[in-house]
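Since the structure comes first, as structure tokens, the remarks are kept for the end.
The values are calculated or read from the model by the stated rules, or taken from the named source; none is laboratory data. Remember, it's a predicted structure, so these values are computed and weren't measured experimentally. A quick note on method: Cβ atoms are made from the backbone with ideal geometry, for glycine too, and the neighbour counts reach across all protein chains shown. In case anyone asks, the SASA skips ligands and DNA or RNA and just uses the protein heavy atoms, side chains included. Shrake-Rupley method; radii C 1.70, N 1.55, O 1.52, S 1.80 Å.
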Amino acid sequence: MGEELEKLQDATWLDDRRGVAYLQDDWIYKTKHPPLFIEPGSSELKTIERAPLEEYGKLAGYFVRGATLCFFLWPPHFPNLEWGEKSIFVVGDFNGWADAIGNGDWQLRPTFYEGKPCFKLELPVRKVCPRKSDVVCFKFVTADKEWQPVPLDAPNRDDSEAHNFVLDTRRTGNHVFYFEPRQRHPILGHERLVWKDKKREEKLTIAYGHLLADRHSLGALGSFIERGETVFRLFAPRATAVRVTFFQSLNESTEQTHDLLRLDDDVWEKVYPRDLHGWYYYYTVEGENVDNSTHFDSNFRILDPYALACVNGRGPGIILDRRRLPLARNDFKVPHWHDLVIMETHVRDLAAKAPLPMSPQERRGFAGVAKWLRSDDCYLKDLGINAVELQPIQENDAPDLNAYHWGYMTCNFFSPASQYGTKPEDAAQVAEFKDMVDAFHEQGLAVILDVVYNHVGEPAHLLFVDKEYYFEVTPKGGHLMNFSGCGNDFKTHTPMGLRLTIDSLVHLVETYGVDGFRFDLAELLGVDTLRAIETALKKVKPGIILIAEPWSFRGHIAQALRHTGWASWNDGYREFTSQYVRGQGTRDTFKYFLSGSPHYFAMFPAQTINYTESHDDRCWLDRITENREHNGSWPTLNDRRRTHLMCAFLFASLGVPMISEGQDFLRSKQGVNNTYQRGDLNALDYQRMRLFPMTHEYFKRWIQFRLSPQGHLLRLDKRQSDHYLRFFEYGDTSAIACLYNDDHSHGREQLFFAINPHHYAFELPVEGVDPRPFKQIADHERFQPHGLEKPTFVWQDGKLTLPPMSCGLWVKH
């Protein structure tokens, strides 16, 4: 028998009674079944039946019936788009790929299969594959060029970087068979499918598939204390043994190890007859490593995924009695989404140079920020924002307590990060994080946490519990997938992966009073998972703030989130603004983003999080500076002016504005592009507020206006009418003006905003608007809510003269 299988391509369990087998080629006999057996035992199968062609098409994207090729799109396998609003095309080697987008000959038509909507396109086989030996690649794409990722479990997904479907006319769908063994398949079994005829015998391990992926438990998990006893519970479906080791002192002098018993729901349990509150613990898990779907190591110390606190990212966990944890206060009213003004910030960046006395332990994190918030001179209170979006505060893989870490490599989803606590070995981070959240609330600031559920940090503890259950792996070879770019992709769509995600989020809300979450690389979680998270969290806190970073290295899902209660970071807004203030953007794009990115990106304005800088890549000033090597440490006059234009555009745009820490006092990272380990560059230098007080004041006044009663025309709680905004433009310049509430759908008040990003003045026709009722309250340097003392713009005779690199705001009085 050769090294390559000649008859068997793949086999997967559908449940514990039935599996599916894919042969390498079509099985041409109409009445005879392929010679398949199962081992151990080489026993005959109870049943073998050919699968309907459409069942192959669901995963493969096509099937062939006679001389007709049918491209077949099954929407449940493409959950990240609203298909009812889309025109869908098939493109590939046979029609020039992107050249075929918009060509009706290649458009799929809506139809039904088994009573459910789907899309089909039927063509002669020869139109795509003129020769029987032809093998071609293809993908599905929408009319607006949204390329759809091939499902991870598609049997014909290629290994290229683009991950295309492969169409091979030797595999029409007639090569797919359902089989049923005579005995139910155990979860710890390792059966192989056997092809056995007179010429050859081939064997193929049957993948666990849905048999593993559907395993779940509804019981309590983690360590908890009941009636004076300590209970340890861990979900480990394919383990053969689980042990817990606990000890009272970190020197492990009191160490005890006990076996856990396997329960009926794949949970392992140990009940110890003593209250172990404050003790430390870890698990070890044993199992069979017969293929690459497991990663068992009986010597590896596993941090309990449900540990409420831990000493560090490697463990051990700390046993805490939930009844002794602080309870979240419920006296803070979360701002409505449309009223939010957010600042993205980092706990240690805030505390590192905060201008008040602190111990080194306090400056590490939670305690220092809480102390600073309650002081008389707090930057965040002075600026006037009403929400912070904190970079990750869950336990991560920082190498030690003093190491600077952005936090995007999570090791435990329940525990506040140990390096931000004053005494992590005593679980001080639990009470201190709760106190910091309370301090933010006392100052009127909502707390949004940046969370990472698309991958995990090192060590990847769940890898040692069950690799294939908790991580995306390649269909062939069982290698970890890496669309996150961080070494692994966490499987949130398995029942217990989703439960771990939701349980930890609910814990952060109920225990600490967190007001919302921003999900890193949310595309990897998928729309279905995000909908489940939304449903669960709104039961706990109806006004919860939910924000997605809607992309990954695989795709973009902002459009699919329009019909949910999620908002999305708007990366297009970020990229456009840095170009526009340098005179390079178009007016049409300006209108789209000022209008709240309607239709394609957002169904209502509060679904777009408008921002121009985040933690990633260069900061705003370093991106737009005229200085060499992107170093904005000493900004030029034009740098400062362009920052003011950005500020005005940001706060005048419909949607939710988000600024980055220090953006209001012209923070620079000295041109460094990636500062994820550079605490020295990220720590906020509050002295720059004294160097650039007018810029700080300009941001502050715009924020005050936006949140004031006068600013309500910028804070729409629902989608505006098509005539709410009226734009004024002329010639080929990017200079433009906008009248808000032109249709008076929001009362009689109106705003007028104008901007000119160019180095030359421009006279803009403003027809049909009487300037006399309008009062200018802001330009590119000043913001005076009662009116500018000496307006710098001339608006008369139906024309508005815009000075070079200028902007202005008027209110109708």
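Would you be so kind as to identify which of A398, L303, P110 lies farthest towards the positive end of the dipole of the chain, taking Lys and Arg as +1 and Asp and Glu as -1 on Cβ and the Cα centre as origin?
P110
Please give the per residue accessible area of region 366-455, computed with a probe of 1.4 Å over protein heavy atoms only, in Å².
23
May I ask you to list the residues of region 149-175 whose amide nitrogen lies under 16 Å from a point 7 Å from Cα along the Cα→beta-carbon direction of D528?
Backbone N within reach: 149-155.
Using only the alpha-carbon atoms, how far is helix 571-580 inclined from the longest principal axis of the chain? Give it as 0 to 90 degrees, nearest 10.
Value to nearest ten degrees: 40.
How many percent of the accessible area of the chain is carbon or sulfur, using a 1.4 Å probe?
49
Which length gain, in nm to one decimal place, applies between M694 and R748 when the Cα-Cα distance is subtracted from 0.36 nm times their residue separation?
16.2 nm
Taking the solvent-accessible surface of protein heavy atoms with a 1.4 Å probe, what is the per residue accessible area of region 194-247 in Å²?
42
Excluding residues fewer than 8 places away in the same chain, name every one of the lysines whose C-alpha is closer than 23 Å to that of K812.
Partners within reach: K591, K700, K718, K775, K790, K799.
I want the antiparallel fraction of DSSP beta bridges within the chain, as a percent rounded to 5.
80
Please say if the chain is rounded, prolate or oblate, where rounded means a/c under 1.5 for a ≥ b ≥ c the square roots of the C-alpha gyration tensor eigenvalues, and otherwise the choice is prolate for a/b larger than b/c and oblate otherwise?
Oblate shape, in that a/c is at least 1.5 and b/c is the bigger or equal ratio.
Return the lysines within reach of K199: Cα separation strictly under 16 angstrom, same-chain partners fewer than 8 residues apart disregarded; answer none if there are no such residues.
Reachable lysines: K7.
Within 10 Å of each candidate Cβ there may be at most 16 other Cβ atoms; applying that plus a DSSP loop requirement, which GluC sites (Glu not before Pro) in region 209-301 survive?
E252, E255, E288
Go through region 65-122 and name the GluC sites (Glu not before Pro) that are in a DSSP coil and have 13 or fewer other Cβ atoms within 10 Å of their Cβ.
Those satisfying the criteria are E82, E114.
Starting from the 7 Å offset along Cα-to-Cβ, what nm value, one decimal, do you get for the label separation of D588 and T257?
So the label points at D588 and T257 sit 6.9 nm apart.
How many Å² of accessible area per residue for region 697-759, probe 1.4 Å?
Spelled out: the 1.4 Å probe surface of region 697-759, per residue, equals 42 Å².
Just by accessible area at a 1.4 angstrom probe, what is the order of R314, R628, R642, R126 from largest to smallest?
Most to least solvent-accessible, the answer reads R628, R126, R314, R642.
Can you give the accessible area of H405, probe radius 1.4 Å, in Å² rounded to 10?
So the heavy atoms of H405 present about 30 Å² to solvent.
Enter the Cα centre distance for the pair region 363-390 and region 662-717, rounded to the nearest angstrom.
Spelled out, the Cα-based centre of one part sits 14 Å from the other.
Mind checking region 216-299 for trypsin sites (Lys or Arg not before Pro) that DSSP puts in a loop (not H, G, I, E or B) and that have at most 15 other Cβ atoms within 10 Å?
R227, R274
If D717, D503 are ordered by their accessible area, calculated over protein heavy atoms with a 1.4 Å probe, which sequence runs from highest to lowest?
Descending order: D717, D503.
How much net charge surrounds L401 when only the other residues with a Cβ under 12 Å from the Cβ of L401 are counted, with Lys and Arg +1 and Asp and Glu -1?
+2
Is there a pair in K58/K132; K58/K120; K333/K538; K132/K203; K116/K491 whose C-alpha atoms are over 19 Å apart, and which pairs would that be?
Pairs exceeding 19 Å: K58/K132; K132/K203; K116/K491.
Got a number for the accessible area of H338? Probe 1.4 Å, square angstrom, nearest 10.
The value for H338 is about 40 Å².
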